[in-house]
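A.B. asks: Here's a structure for you.
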Amino acid sequence: MLDLARGAAACDVIEGGSVEVLRDLHRPGCAAAIWQRRLPPLFSQWLDALPDGCLPRLRSGVPLHGVANLVQDTCRAAFSGADAGQALLAQDVARLAAEFSRIAGKDALQIRLDVVRGNACSKFHVDYVPARLLCTYRGAGTQYGLASETGEPAQVQQMQAGWVGLFRGRLWPGDLPCGLLHRSPPIAGSGETRLLLVIDAAQDSDD
């Protein structure tokens, strides 16, 4: 059983209103760093107005310098509306990829844009990667909380759309296990469709 006594596990969640907060993942005891940002209103409106069938779906390895073009090409293939919206999404994913690359020290990345309608990854877990970046562009955000004696968190927090979370995984270097669990929010039957960005180092990607 995971020991959550002080100093026995990484349990801290550091939140902030600027992108620099993500770099706090390297602080001792930090399990996740969350950038609490707001997407530009016109960008959010564009995302929310897209028919489900036009949401971009992507799962590909790519070097950092190719991220923006990859996302824009994916949007065009999905018929995802105006060029302005496509460009904003591509630029934002590229920005987050650059920040992840800086923190992880990796230029080869695995980029996913998942369109989620059901209860995908609905069990609380820690990923088998060193670190993972999550950003929900549309719909309910990722849920997270400290592991308890029963396994699942006693208290659950939830990210908002647009927020960026950088979570330690099981393979994070160091002696402390990660005491923070996360999951996709259960949305089956709600009629909601989420658009989720996932960024890993290429060799670390898992489901």
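The values are calculated or read from the model by the stated rules, or taken from the named source; none is laboratory data. Source: prediction; values computed, not measured. Note that we place each Cβ from the backbone using ideal geometry, even for glycine, and neighbour counts take in every protein chain shown.
A.B. asks: Which one is nearest to Glu99 (Cα to Cα), of the residues in segment 23-51 that are among the small types (Gly, Ala, Ser) and not in a loop (DSSP other than H, G, I, E, B)?
C.D. replies: Narrowing segment 23-51 to residues among the small types (Gly, Ala, Ser): 29, 31-33, 44, 49.
In the following step, the residues that additionally are not in a loop (DSSP other than H, G, I, E, B) were identified as 31-33, 44, 49.
Values: Ala31: 17, Ala32: 15, Ala33: 12, Ser44: 21, Ala49: 28 Å.
Ranking the candidates gives Ala33 first.
A.B. asks: Something else: Is there a residue in segment 175-186 that is touching a helix residue (DSSP H, G or I) at 6+ places or on another chain (Cβ under 7 Å), surrounded by 18 or more Cβ atoms within 10 Å (Cβ to Cβ) and closer than 24 Å to Glu20 by Cβ?
C.D. replies: no
A.B. asks: To continue, here is another question. Being among the charged types (D, E, K, R) and part of a loop (DSSP other than H, G, I, E, B) narrows it down to one residue among Arg132, Arg170; which is it?
C.D. replies: Being among the charged types (D, E, K, R) and part of a loop (DSSP other than H, G, I, E, B) holds for just one of Arg132, Arg170, which is Arg170.
A.B. asks: Out of all the residues in segment 68-115, which are part of a helix (DSSP H, G or I), basic (Lys, Arg) and over 14 Å from Phe43 (Cβ atoms)? Even if it seems obvious, please write down each step before you answer.
C.D. replies: Within segment 68-115, the first condition is being part of a helix (DSSP H, G or I), and the residues that meet it are 68-77, 83-104.
When the remaining residues are screened for being basic (Lys, Arg), the result is 76, 95, 102.
Within segment 68-115, Arg76, Arg102 meet the criteria.
A.B. asks: Is it the case that some residue within segment 71-87 is in contact with a Ser or Thr (Cβ under 9 Å, 6 or more places away or on another chain) and among the acidic types (Asp, Glu)? Before the answer, list the steps.
C.D. replies: The initial filter retains those residues of segment 71-87 that are in contact with a Ser or Thr (Cβ under 9 Å, 6 or more places away or on another chain), namely 74, 80, 86.
Cutting the leftovers down to among the acidic types (Asp, Glu) gives us none.
No, every residue in segment 71-87 fails to be in contact with a Ser or Thr (Cβ under 9 Å, 6 or more places away or on another chain) and among the acidic types (Asp, Glu).
A.B. asks: Would you point out which residue out of Ala154, Ala161, Ala140, Ala188 is assigned to a loop (DSSP other than H, G, I, E, B) and in contact with an Asp or Glu (Cβ under 8 Å, 6 or more places away or on another chain)?
C.D. replies: Within the list Ala154, Ala161, Ala140, Ala188, the selection yields Ala140.
A.B. asks: State whether the residues of segment 82-90 include one that is under 16 Å from the mean Cα position of the chain (by Cα) and modelled with pLDDT of 95 or more.
C.D. replies: Among the residues of segment 82-90, at least one is under 16 Å from the mean Cα position of the chain (by Cα) and modelled with pLDDT of 95 or more, which makes the answer yes.
A.B. asks: Counting only residues that are more than 10 Å from the chain's Cα centre (by Cα) and basic (Lys, Arg), how many does segment 129-166 have?
C.D. replies: Result for segment 129-166: 1.
A.B. asks: Considering only residues that are part of a loop (DSSP other than H, G, I, E, B) and either at pLDDT below 85 or acidic (Asp, Glu) (or both), which ones fall in segment 191-207?
C.D. replies: Scanning segment 191-207 gives Gly191, Glu192, Ser205, Asp206, Asp207.
A.B. asks: A follow-up question, please. If we scan segment 118-126, do we find a residue that is crowded, with 21+ Cβ neighbours inside 10 Å and among the hydrophobic types (A, V, I, L, M, F, W, C)?
C.D. replies: We begin by selecting, within segment 118-126, every residue crowded, with 21+ Cβ neighbours inside 10 Å; these are 126.
Next, from what is left, pick out any that are among the hydrophobic types (A, V, I, L, M, F, W, C): 126.
Within segment 118-126, one or more residues are crowded, with 21+ Cβ neighbours inside 10 Å and among the hydrophobic types (A, V, I, L, M, F, W, C).
A.B. asks: May I pose another question? Does Gly145 satisfy the condition of being surrounded by fewer than 22 Cβ atoms within 10 Å (Cβ to Cβ), in contact (Cβ under 8 Å) with a residue 12 or more places away in the chain and not in a loop (DSSP other than H, G, I, E, B)?
C.D. replies: yes
A.B. asks: Here's a follow-up. Give the residues of segment 52-67 that are in contact with a strand residue (DSSP E or B) (Cβ under 8 Å, 6 or more places away or on another chain), part of a helix (DSSP H, G or I) and under 15 Å from Leu113 (Cα atoms), sorted by residue number.
C.D. replies: Selection gives Asp52, Val67.
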